Amino acid sequence: MKRLQLLLTNDDGIDAEGLCSLARVLGNHADVFVVSPELERSAMSHAITMHKPLHADLVSSFDGAQKAWRINGTPSDCVKLGVEILMAQKPDLVLSGVNHGTNLGRDIYYSGTVSAAMEGMFLGIPSIALSYDGHDKDGLGWAAEFTHRWIYSERFQTPPTGILYNVNFPRINHSIPAAMRWVKLGRREYANDFHKRMDPRGREYFWLAGHPQDIREAIDTDVGALMAGDITITPLHMDATAYGLMPESSKIDLDDFSD
């Protein structure tokens, strides 16, 4: 069994159970390096820090990791720093998660978990985003254990260049999943609820609380398959071009707009 060199990150923060479980499980068979935000940075999308200094503080002890750093930045910052500065050599694989909560459908555009994996993809490293439909320790630990078995199995296909995998685990409070299913993105809608409040100085502010409203969909989507109790895997790439709207001739002569 090849001993992989892994970069682990997340958007839930350095102390998150999903990240800690993943490092503990993988540390027995891989050289694990953790580079994580010091605090929760959920829904940061692909933000990077440009207008303040970034600090990489070495964590004295992190179970399962060769080294671990806490970063005062975003998940994308963590992968950039980890790959380009902190690690002596490029990792074989970037794993982002295990996130506390799923990232389905349009979540991928907001998710710090997915964006960290996307940054790994940009840097030419096979990358996987891992998310679990819950916060319970047993479920997060099970997702970490499955990830270990999966990436070391003969069935594992390394993400090809320009592709990341977005993986979601169903909650295991009723039963362990029986299947892992390749699926496309589904529809996930949110009922956004803005709460208007006043701060101690009398200034008005708003607090956003979004509640997911999953549309019942076919099992070939991430939303539908997860609701059916399967682990979902969706290959993602950066190209969002709507090719169906591209005309045969892409050139527009500006003389057509003259008076």
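Where a number appears in this text, it was derived from the coordinates with a stated rule and is not lab data. Computed from a predicted model, the values in this text were never measured in an experiment. Note that each Cβ is placed from the backbone with ideal geometry, even for glycine, and that neighbours are counted across all protein chains shown.
Find the eigenvalues of the gyration tensor of the Cα atoms of the chain, then list the square roots of 5 times those eigenvalues as equivalent ellipsoid semi-axes, largest first, in whole angstrom. Spell out each step's value before the answer.
Numbers: eigenvalues 178, 118, 107 Å².
Semi-axes, largest first: 30, 24, 23 Å.
State the Kirkwood hydrodynamic radius of region 217-259 in Å, one decimal place, computed from all pairs of distinct Cα atoms.
Values: mean 1/r = 0.0690 Å⁻¹.
Evaluated on region 217-259, it is 14.5 Å.
Lysine pairs, Cα distance under 29 Å, 8 or more residues apart or cross-chain: how many in the chain?
14
Using 13 Å as the cut-off for backbone N distance, which residues of region 66-97 belong to the label zone defined by a point 7 Å from the Cα of Leu54 along Cα→Cβ?
Correct set: 69-87.
Suppose R0 equals 35 Å; then what is the FRET efficiency for Ile163 and Arg203 from their Cβ-Cβ distance, rounded to the nearest 0.05?
Working: r = 46 Å, r/R0 = 1.31.
Working from the Cβ atoms, E equals 0.15.
Report, to two decimal places, the Cα Rg of region 15-54 normalised by 2.2 N^0.38 Å (N = number of residues).
On the way: Rg = 13.2 Å, N = 40, 2.2 N^0.38 = 8.9 Å.
That works out to 1.48 for region 15-54.
Using only DSSP helix segments of four residues or longer, with each worth -39500 (n - 2.57), what per-residue ellipticity at 222 nm results for the chain after dividing by its residue count and rounding to 500?
On the way: 5 runs with 49 residues, N = 259.
Taking each H run of at least 4 residues, the total per residue is -5500 deg cm²/dmol.
Mind checking the dipole of the chain: about its Cα centre, +1 per Lys or Arg Cβ, -1 per Asp or Glu Cβ, Debye to the nearest 20?
680 debye
Find which of Gln157, Val59, Asn103 sits farthest along the positive direction of the dipole of the chain, computed with +1 on the beta-carbon of Lys and Arg, -1 on that of Asp and Glu, about the Cα centre.
Going by the Cα projections, it comes out as Val59.
Expressed as a rounded percentage, what relative contact order does region 27-185 have, with Cα pairs under 8 Å and six or more residues apart?
That works out to 21 percent.
Taking the alpha carbon gyration tensor of region 1-86, what are the square roots of 5 times its eigenvalues, largest first, to the nearest whole Å? Could you put the intermediate results ahead of the total?
Values: eigenvalues 95, 34, 26 Å².
Here the semi-axes work out to 22, 13, 11 Å.
How big is region 115-170 along each principal axis, measuring the range of its Cα positions in Å and listing the largest first?
In descending order, the Cα extents are 33, 27, 13 Å.
How big is region 37-112 by Rg and Dmax over its Cα atoms, in Å?
Just the Cα atoms of region 37-112 yield Rg and Dmax of 13.1, 38 Å.
What does DSSP give for region 1-134 in terms of the percent of beta bridges that are antiparallel, rounded to the nearest 5?
Approximately 15 percent, going by the DSSP bridge assignments.
Obtain the nm distance between the two label points defined at His237 and Ala179 by a simple spin-label model: each point lies 7 Å from its Cα along the Cα-to-C-beta direction.
The two pseudo-label positions are separated by 2.7 nm.
Could you check the spin-label model distance between Ala47 and Leu245? Points 7 Å from the Cα along Cα→Cβ, value in nm.
A separation of 2.8 nm, rounded to one decimal place.
So what is the relative contact order of region 129-171, in percent, for Cα pairs below 8 Å that sit 6 or more residues apart? Before the final figure, lay out the partial values.
Details: 28 pairs, mean separation 30.1, N = 43.
Reported relative contact order: 70 percent.
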